[in-house]
Amino acid sequence: MTKDEIIVLLKEQLQLANEQLQQANATVSSLTLQVGELIERIKSLEEQLVQKGIAIDKANRQNKALGKLVSGKKSERQDKNPQDSMSQEEFDKKQKEQAEKRKARKNNGAKRDMHCEMEEVHVTIDPEMDAELLKKLRIYGTRTCVRYSMEPIKFIKTVYHINTYTDGNVLYPGKTPPALLLNSSYTSSFAAGLLQLRYIYSMPVERIIKYFADNGFTLRKATANKLIARSADVLENIYKAIRQTVLQQDYVTADETYHKVLLAKIKPTDKGSKKGYLWAVSAPKLGLVFFVYEDGSRSEEVILDVFSDYKGTIQSDAYAPYRKLESDVYPDIMRIACLQHIKRNFIDCGKEDKDAQEVVDLINKFYQKDKKHKVGVKGAVWVARMVPDGYVCAHANQARITTFPLEGKTSISSDQMKKIYDKEITTVYAKDVISFAKQKGLYPQDGKNADFSFSDTYAPVDFSGARACEIRVWAFFNAVNPDMAQYWNYAKGKIERDGKGYATNRMPLWVKPNRKVDVLEVMDFMRDHLEGTELDMSKDPGAGPYECPYRWRPMSFEVDGKEYVHERATATQQTGFTFVSQSRSWLPDAVGGILWFGVDDAASTVYFPMYSCSTRVPHAYAVGNGSMMEFTDQAAFWVFNQVTNFAYTRYNAIHPEIREKQKALESQYKTFVEGIDSGAKALFDKDRAAAIEFLTDFSCNTGNHLVDTWRDFYGYLFCRYMDGNIKTAVPGEKNPKVEQPQLPEWYLRTIIEKAGDKLQVIE
């Protein structure tokens, strides 16, 4: 074929293809229209079916009601006119009775299911109306309704980004969160849920996988089986540990019970179940129990094997295998009987047997009185008193309330707590605070209630109570009131008592300050070391040449058979954290409450303001940022301890610099707070959430900045005071000025007295 013939042929084929395509498009359009018509017809039929079903249901209900009327059942029959069979008076009386019954029943007599362990969400619903108008209204009443909702199973994927830090030489890696199974991405809660579905609800693994998939989680069958198998290993180890712990106790109890156990049917004549026995061994003191199941056997070999190496006391019923534990084969075991099982034998003798009945009564009395013979009684006795306006009060681990006004105009007992908000009430006490003391012999039975002293009865002050506790109260009172010198002997532990043994020279419960006390002063009250008294801890030889007012534990010691004590001042190195809380009623609650918070020793900490509405804490103070055995210079606790413990080594030189830095920062924070208060109050009136976030940011930023400042401060102190010298930077000079402070003469004399002539220079 020539070139032109080929071109003509191709054009004909192209035309034919176009015609076929047009025909196909027409067919598709026709089919689309048909499909649309069919869909519309299906919808119409569905609507007709729905309406038909509704009509059928309605007819069925009507037929059912008519059938009940025709049947004449008393419970369902309704008289067309009840008055046809009774008088109007009788009818009215019956109607009234029925109404009262309905009122008494409420909710048609139905009893709601209680779901006490369920998470509760409480929502307050106000009327839909103008918000400003709503604020002017008062609540008339509140009704409660309950709605239950359900969330399907929920899967959470937690991605941990574990950082590692370095200072150039050492790596500080973050720790991988612990997992139930080594190198597994599945937590213990996931494994527990899987085991629950498999063994509690008897779901096959395939169905569990389908259930998980329906709720958005893909779990491979092999992974599921592996998790179940490895969890079984973990649980077996836990079981072994519990069993070992229980059998190490000197007193255990044992019993057995049966349970229906399903069996696999191999032949049609086989039984589908059997009675299998489960043995229980418990340690009541620990609240631990383990179970033994040996193919449901009740054979004595099961329990005898359990106790083959046991040493101690076993309490059980009189089942024969337990009685064998009393034999010489088990010399280290003592078996005691169960009183309830013993009682049954005497009950079987009948009430006619007076001796048997007497034994039953005695056993019953034993159980009734059991709790009364236990050490202690659950509960608490207490007294609370309101501090008068303009006065201050303090407590330091020693009860200080003595006599108090009894129930009357200004005082109530705990069974009158509904009066607690009465403005005249200034004293509240446990209703049995006096009767309990009499019952326990702590206060005479014939003692007058008005003379009852709470502290002198329940916690009489003695030398240690005064010297380690009350002396701290004295130090605070003495700082604000010049009349406290008269109580100095009492604070030192010289207690004077009357004929009843009551302390007669104790301090008042509260005192009136000679000035208005500032928040910065309260912080300083927390830093006292009995300075300015004969017990000033920086002045006795225990302070060493650097006048350190701290003594390491223990507080008491003995020399030549005599007991001595170190002082327990207000500030102590044992402090984990300390705070001063400030409540300012003239501001909105979210603004008015401040927690001035500090870590470590109060004498060398810096209190920074945390507004009470804060929704976060500074990272430097957050839980998990370091621990008692994990040092990190990112944690406030460790940064402050660095500075403090360095100061302990040369206290009289280093601590004055700490004190100067401390006062400057706390004064600065107080000034900041005044401005923040004003801004937050203005913002609070417009946007409460924004005000809270503003105060939270301020609190967190201040806390974190303080720790950064104190970390740098440690670097400065270390450079200045290392190696026993004192170095001062000289402007323009590379090297600092170096001082070498001398030890005090009294300390040098002490050295010579102990060392003798061996240190003397020989000419």
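For Asp633, state whether it is of a type in the set (D, E, K, R), surrounded by fewer than 17 Cβ atoms within 10 Å (Cβ to Cβ) and not in a helix (DSSP H, G or I).
yes
Kindly indicate whether any position in the stretch 500-516 is out of contact with any Asp or Glu (no Cβ under 8 Å at 6 or more places or on another chain), of a type in the set (D, E, K, R), without any contact (Cβ under 8 Å) to a residue 24 or more places away in the chain and within 24 Å of Pro388 (Cα to Cα).
Yes, that holds for at least one residue.
Quick test for you: out of Leu227, Leu180, Leu194, pick the one residue that is within 30 Å of Glu630 (Cβ to Cβ) and either loosely packed, with under 10 Cβ neighbours inside 10 Å or touching a residue at least 12 places away in the same chain (Cβ under 8 Å) (or both).
The match here is Leu180.
Which of (1) modelled with pLDDT under 95; (2) exposed (fewer than 13 other Cβ atoms within 10 Å of the Cβ) is the odd one out, the single condition Gln486 does not satisfy?
Of everything listed in (1) modelled with pLDDT under 95; (2) exposed (fewer than 13 other Cβ atoms within 10 Å of the Cβ), Gln486 misses just condition (1).
Of the conditions (1) charged (D, E, K, R); (2) crowded, with 20+ Cβ neighbours inside 10 Å; (3) modelled with pLDDT under 95, Glu674 satisfies every one except a single condition; which number is it?
Among (1) charged (D, E, K, R); (2) crowded, with 20+ Cβ neighbours inside 10 Å; (3) modelled with pLDDT under 95, the lone unmet condition for Glu674 is (2).
One line per residue, one yes/no per condition, for (1) closer than 27 Å to Ser612 by Cα; (2) among the acidic types (Asp, Glu):
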| residue | (1), (2) |
| --- | --- |
| Lys516 | yes, no |
| Glu521 | yes, yes |
| Pro549 | no, no |
| Arg553 | no, no |
| Gly561 | no, no |
| Trp586 | yes, no |
| Ile594 | yes, no |
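Within the stretch 728-763, count every residue that is of a type in the set (Val, Ile, Thr) and in a loop (DSSP other than H, G, I, E, B).
The number of residues fulfilling the criteria is 3.
Pick from the stretch 553-592 the residues that are surrounded by 11 or more Cβ atoms within 10 Å (Cβ to Cβ) and among the β-branched types (Val, Ile, Thr): which of them is farthest from Gly675 (Cα to Cα)?
Per the stated criteria, the residue is Val565.
In the stretch 666-685, which residues are closer than 24 Å to Val606 by Cα and of a type in the set (A, V, I, L, M)?
Passing the criteria: Val673, Ile676, Ala680.
Pairs please, first residue from the stretch 711-731 and free of Cβ contacts under 8 Å to residues at least 24 places away in the same chain, second anywhere and surrounded by 12 or more Cβ atoms within 10 Å (Cβ to Cβ) and part of a helix (DSSP H, G or I), Cβ atoms under 7 Å, 6+ apart in sequence or on different chains.
That search, which allows pairs on different chains as well, returns Lys727/Arg720.
Within the stretch 445-495, how many residues are assigned to a helix (DSSP H, G or I) and in contact (Cβ under 8 Å) with a residue 24 or more places away in the chain?
Number satisfying all stated conditions: 29.
Within the bounds of the stretch 374-388, is there any residue that is at pLDDT 95 or above, under 15 Å from Leu509 (Cβ atoms), surrounded by fewer than 17 Cβ atoms within 10 Å (Cβ to Cβ) and not hydrophobic (A, V, I, L, M, F, W, C)?
For the stretch 374-388, residues at pLDDT 95 or above, under 15 Å from Leu509 (Cβ atoms), surrounded by fewer than 17 Cβ atoms within 10 Å (Cβ to Cβ) and not hydrophobic (A, V, I, L, M, F, W, C): present.
Of the residues in the stretch 418-442, how many are among the polar types (S, T, N, Q), crowded, with 17+ Cβ neighbours inside 10 Å and not in a loop (DSSP other than H, G, I, E, B)? Steps first, answer last, please.
First, the residues of the stretch 418-442 that are among the polar types (S, T, N, Q): 426-427, 435, 439.
From what is left, the residues that are crowded, with 17+ Cβ neighbours inside 10 Å are 426-427.
Filter once more, keeping what is not in a loop (DSSP other than H, G, I, E, B): 427.
Going through the stretch 418-442 one residue at a time, the tally reaches 1.
Mind listing just one residue for me: the one in the stretch 140-168 that is of a type in the set (A, V, I, L, M, F, W, C) and over 30 Å from Thr218 (Cβ atoms) and, of those, surrounded by the fewest Cβ atoms within 10 Å (Cβ to Cβ)?
Filtering first and then ranking leaves Cys145.
Being out of contact with any helix residue (DSSP H, G or I) (no Cβ under 8 Å at 6 or more places or on another chain) and of a type outside the set (S, T, N, Q) is the filter here; which residues of the stretch 638-650 pass it?
Once the filter is applied, which keeps residues that are out of contact with any helix residue (DSSP H, G or I) (no Cβ under 8 Å at 6 or more places or on another chain) and of a type outside the set (S, T, N, Q), the stretch 638-650 yields Trp638, Tyr648.
Return the residues of the stretch 447-478 that are of a type in the set (A, V, I, L, M) and surrounded by 16 or more Cβ atoms within 10 Å (Cβ to Cβ); say none if nothing qualifies.
Hits for the stretch 447-478 are Val461, Ala466, Ala468, Ile471, Val473, Ala475.
Only one of Val707, Val738, Val730 is in contact with a Phe, Trp or Tyr (Cβ under 9 Å, 6 or more places away or on another chain) and surrounded by 10 or more Cβ atoms within 10 Å (Cβ to Cβ); which?
So the residue among Val707, Val738, Val730 that is in contact with a Phe, Trp or Tyr (Cβ under 9 Å, 6 or more places away or on another chain) and surrounded by 10 or more Cβ atoms within 10 Å (Cβ to Cβ) is Val707.
When the stretch 184-203 is examined, which residues are found to be over 17 Å from Leu219 (Cα atoms) and part of a loop (DSSP other than H, G, I, E, B)?
Matches in the stretch 184-203: Tyr201, Ser202.
Which pairs turn up if I take residues in the stretch 612-637 that are without any contact (Cβ under 8 Å) to a residue 24 or more places away in the chain and look for partners that are among the hydroxyl-bearing types (Ser, Thr, Tyr) with beta carbon separation below 7 Å, at least 6 apart in sequence or on another chain?
Asn625/Thr632; Gly626/Thr632
Out of Thr696, Thr632, I need the residue that is within 30 Å of Pro173 (Cα to Cα), in contact with a helix residue (DSSP H, G or I) (Cβ under 8 Å, 6 or more places away or on another chain) and of a type in the set (S, T, N, Q). Which one?
After ruling out the rest, the residue left standing is Thr632.
Which residue out of Ala620, Ala636, Ala571, Ala602 is closer than 21 Å to Met523 by Cβ and outside the structural domain of His705 (by TED's automatic domain parsing)?
One residue alone meets the criteria, Ala571.
Just the residues that are of a type in the set (D, E, K, R) and at pLDDT 90 or above, please, taken from the stretch 254-274.
Listed by number, the residues that qualify are Asp255, Glu256.
With the checklist (1) crowded, with 18+ Cβ neighbours inside 10 Å; (2) at pLDDT below 95; (3) in contact with a Lys or Arg (Cβ under 7 Å, 6 or more places away or on another chain) in hand, flag the one item Gly542 doesn't pass.
Only one criterion is unmet by Gly542, namely (1).
The values are calculated or read from the model by the stated rules, or taken from the named source; none is laboratory data. The structure presented is a predicted model; accordingly, all values stated were derived computationally and were not measured. Don't worry about glycine lacking a Cβ; one is built from the backbone with ideal geometry, like all the others, and counts go over all protein chains shown.
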